[in-house]
1. Can you confirm whether region 85-94 contains a residue that is surrounded by fewer than 15 Cβ atoms within 10 Å (Cβ to Cβ), of a type in the set (Gly, Ala, Ser) and without any contact (Cβ under 8 Å) to a residue 40 or more places away in the chain?
2. Looking at MET104, MET47, MET52, MET42 in this structure, which one is assigned by TED's automatic domain parsing to the domain that holds PHE180 and out of contact with any His (no Cβ under 8 Å at 6 or more places or on another chain)?
3. Do you know which residues across region 109-136 are out of contact with any Lys or Arg (no Cβ under 8 Å at 6 or more places or on another chain) and either of a type in the set (Gly, Ala, Ser) or part of a loop (DSSP other than H, G, I, E, B) (or both)?
4. List the number of the failed condition for VAL76; all other conditions in (1) free of Cβ contacts under 8 Å to residues at least 40 places away in the same chain; (2) under 30 Å from ILE160 (Cβ atoms); (3) out of contact with any helix residue (DSSP H, G or I) (no Cβ under 6 Å at 6 or more places or on another chain) hold.
5. I'd like the residue in region 173-193 that is charged (D, E, K, R) and at pLDDT 95 or above and, out of all such residues, is farthest from ILE113 (Cα to Cα).
6. Is one or more of the residues making up region 2-16 in a loop (DSSP other than H, G, I, E, B), without any contact (Cβ under 8 Å) to a residue 60 or more places away in the chain and surrounded by fewer than 20 Cβ atoms within 10 Å (Cβ to Cβ)?
7. Go through the residues of region 69-90 one by one and say whether even a single one is over 18 Å from LYS198 (Cβ atoms), among the aromatic types (Phe, Trp, Tyr) and in a helix (DSSP H, G or I).
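The values are calculated or read from the model by the stated rules, or taken from the named source; none is laboratory data. Quick caveat, the model's predicted, so the values are computed rather than measured. Cβ placement follows ideal geometry from the backbone for every residue including glycine, while neighbour counts extend to all protein chains displayed.
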Amino acid sequence: MNILSFDTATRSASVALMMDGALVGEILINDKRTHSQKLMPMLESLMSLADMSIDDIDLLAVCVGPGSFTGIRIAVATVKAISHAKNLPIVAINSMENIAFNVMDSSKRIISILDAQSGNVYCGMYRSVEDNNYCVVEAIDVISLEQLSNRLECSPENYIIVGEALDKYRAKLNFDNVEFASPDKNVSRASSLCSIAKIKYDKGLDVYDCYTILPKYLRKSQAEMQYDEKQRKAKENEI
C-alpha cells in the first residue's frame, strides 16, 4: 500500500510517502513562510524524486488539528481535492497523537502539547503498547498550563512531554517525574502520519472520504472569540 500524507497544522509543514510499510521520502520545512506557499512545491518535489505520481497512491493521510486554524485548512483542502479527483480514502489523525508517535518507544506516559494561547495548551496523553502501537490514555483537550503543571507535580507516574509548546513552557513543567523529548522529536512530521494511517486503516478507524473529512479545531479561532466578545458587549450596551 502506498500512503501519501500531509501535515500543515503546526509551525512545520511536511509531506511524506510510504510504500508497503517503508518510508520512501519526506520533505519537511520549519520556517516563517506560509504553508500555502510551501505545500504544493513540496508535494511536486517529493513525487518527482520518488519517480511516482498521484495515480500510484492508495491512501491519503492528513493531520486535522488542533493547531493553526489556517494551516489545518490548507492540508485538509489539499487531501479533499486529491481524494475527490482520484477517489481515494483519507485517514484523519489529530496533532496530539501524531506528535506523541515520535516518542512511542518510551515506556513512560506520553503527554503531547501544543500552545493554545492565553496560558492554555492542547494536550493529549498516550502510552505505547506492543507492535509499535499505542493507546489513548486521555483524549485531547484544551487545559490551562496551571492545571497541567499541578497534575504533573502531584502525580506518582513518570511522563515524557513532547511538542512545540515545550519551547515556551519547559520551565513551568520541570518536575522530577518529567522527561522532555529532544528538540527533533517536538516537530510534527508527515512520516509519523503515514505510520499511524496504516495502523488506523487496517483497523477501520477514522477513515473518511472527500465529503466527510473535517478539521479538528477544539476551540474557536482568535478572530471568532474577538467577534463574540464584541457582540456580547454590544448587547450589554443595548440593555
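1. Scanning region 85-94 turns up at least one residue that is surrounded by fewer than 15 Cβ atoms within 10 Å (Cβ to Cβ), of a type in the set (Gly, Ala, Ser) and without any contact (Cβ under 8 Å) to a residue 40 or more places away in the chain.
2. After applying the criteria, what remains is MET104.
3. Once the filter is applied, which keeps residues that are out of contact with any Lys or Arg (no Cβ under 8 Å at 6 or more places or on another chain) and either of a type in the set (Gly, Ala, Ser) or part of a loop (DSSP other than H, G, I, E, B) (or both), region 109-136 yields SER112, SER118, GLY119, GLY124, SER128, GLU130, ASP131, ASN132.
4. It fails just one condition, (1).
5. ASP176
6. No, every residue in region 2-16 fails to be in a loop (DSSP other than H, G, I, E, B), without any contact (Cβ under 8 Å) to a residue 60 or more places away in the chain and surrounded by fewer than 20 Cβ atoms within 10 Å (Cβ to Cβ).
7. yes
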